[in-house]
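Chemist: Got a structure here, written out as structure tokens. Questions coming.
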Amino acid sequence: MDDLKQQLKRSGVKFEIGGFKPSDDPSESWFGRVNLCGQGETWPEFAGKPMHALCQINVRNLQVRPHRLDDIDFIAVFVGADALPIDARNGESWCLRAYKNGDALVPLAQRDTNSSIKAFPMRSKVFHDDYPCWDDVPIELPEDVADSYFDLFKNMDCLKLGGWPTLIQSEIFWAPWNKHPASPEFVFQIGSSEKGNWMWGDNGVGYFGRGTATGTEDEWALAWQCY
């Protein structure tokens, strides 16, 4: 059993949303708020409306750098004002901005987006024991282990960088038809949050993947599942 757990477990960073006072650092990780942008950037819009701020994550200050984020210092995520994105490219009803090591960040001019998402500071905690959901198990398991899998191997259902995705319906299918030209690889997820007043459909999870195909390493993809 210990050998199986060693094979399957992944490390990463999870986030606690709210419950403490924020600092004065504008680069602090936030849910429901984005404070910074690159020089020359403005608040993202889609279909003539400003998007809602979903979160900003200070990767540079994390205790560990999750897989595929070695070159990233800061991430900002926005979502469209009218509907959840479905098979949409980055910039169309959602927007992820990933800033690389050393990129200069400046204050982002705020917009009133009439968002119902509640803003809270976030703080991180490292984990080393996240296990795949059943559809992601990459090896064949002994029958007795398979029968008790859900009791033996726990997946962390939270906002997290790294680890394994928290699947609801199936493995992640990156649109279109799981033939995304960038061949994205899971990097992080943002779950639904009652405290933050944010839902992916019916208590779902949003998955963010980074391109692995040659020349697409800076492309990002979004997929989400719900109950």
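The values are calculated or read from the model by the stated rules, or taken from the named source; none is laboratory data. The shown structure was predicted, so the numbers you read here are calculated from the model rather than taken from an experiment. For neighbour counting, all protein chains shown are included, and Cβ atoms are generated from backbone atoms with ideal geometry for every residue, glycine included. With ligands, DNA and RNA removed, areas are computed over all heavy atoms of the protein, side chains included. Shrake-Rupley method; radii C 1.70, N 1.55, O 1.52, S 1.80 Å.
Chemist: I need the P(r) histogram for the stretch 61-170: all alpha carbon pairs, bin width 10 Å from 0 out to the longest distance, whole percents.
Modeler: Percent of pairs per bin, in order: 10, 29, 35, 19, 6, 1.
Chemist: Once fully extended, how much extra length lies between GLU217 and ASN203, figured as 0.36 nm per residue of separation less the alpha-carbon to alpha-carbon distance?
Modeler: Length gained, GLU217 through ASN203: 2.0 nm.
Chemist: Using a 1.4 Å probe over the heavy atoms of the protein chains, calculate the carbon and sulfur portion of the accessible area of the stretch 76-227 as a whole percent.
Modeler: Here it works out to 47 percent.
Chemist: Any of LYS49/LYS179; LYS125/LYS154; LYS21/LYS118; LYS118/LYS160; LYS160/LYS195; LYS5/LYS160 with alpha carbons more than 22 Å apart? Name them for me.
Modeler: Too far apart for the 22 Å limit: LYS49/LYS179.
Chemist: Next question. What Kirkwood hydrodynamic radius, in Å, does the stretch 118-227 give when the mean of 1/r is taken over all pairs of distinct Cα atoms and then inverted?
Modeler: For the stretch 118-227, inverting the mean 1/r across all distinct Cα pairs yields 15.4 Å.
Chemist: Now for a different question. What fraction, in whole percent, of alpha-carbon pairs in the chain exceed 31 Å separation?
Modeler: The share of Cα pairs beyond 31 Å in the chain comes to 20 percent.
Chemist: Could you work out [θ]222 nm for the chain from helices alone, using -39500 (n - 2.57) per DSSP H run of at least four and dividing by all its residues? Round to the nearest 500 deg cm²/dmol.
Modeler: Using -39500 (n - 2.57) per qualifying helix, the result is -1500 deg cm²/dmol.
Chemist: Give the peptides 182-194, 97-109, 12-24 in descending order of average Cβ contacts within 10 Å, highest first.
Modeler: 182-194, 12-24, 97-109
Chemist: Over the chain, average the accessible area per residue using a 1.4 Å probe and give it in Å², no decimals.
Modeler: 52
Chemist: Can you tell me the FRET efficiency between ASP112 and GLN63 if r is taken as the Cβ-Cβ distance and R0 is 35 Å, rounded to the nearest 0.05?
Modeler: That gives a FRET efficiency of 0.50.
Chemist: Across the stretch 216-227, in residue order, what do the Karplus-derived ³J(HN,Hα) couplings come to in whole Hz, using 6.51 cos²θ - 1.76 cosθ + 1.60 with θ = phi - 60° and x for Gly and Pro?
Modeler: My calculation for the stretch 216-227 gives 10, 4, 9, 8, 10, 10, 10, 9, 8, 10, 8, 7 Hz in order.
Chemist: Probe 1.4 Å, all protein chains in place: accessible area of VAL77 in Å², nearest 10?
Modeler: Spelled out: VAL77, probe radius 1.4 Å, area about 0 Å².
Chemist: Just read off the accessible area of LEU62 with the full protein assembly in place, 1.4 Å probe, to the nearest 10 Å².
Modeler: LEU62 has an accessible surface of roughly 20 Å² with all protein chains in place.
Chemist: For SER11 and TYR149, what is the calculated FRET efficiency with R₀ set at 25 Å and r taken between the beta-carbons, to the nearest 0.05?
Modeler: Between SER11 and TYR149 the formula returns 0.75.
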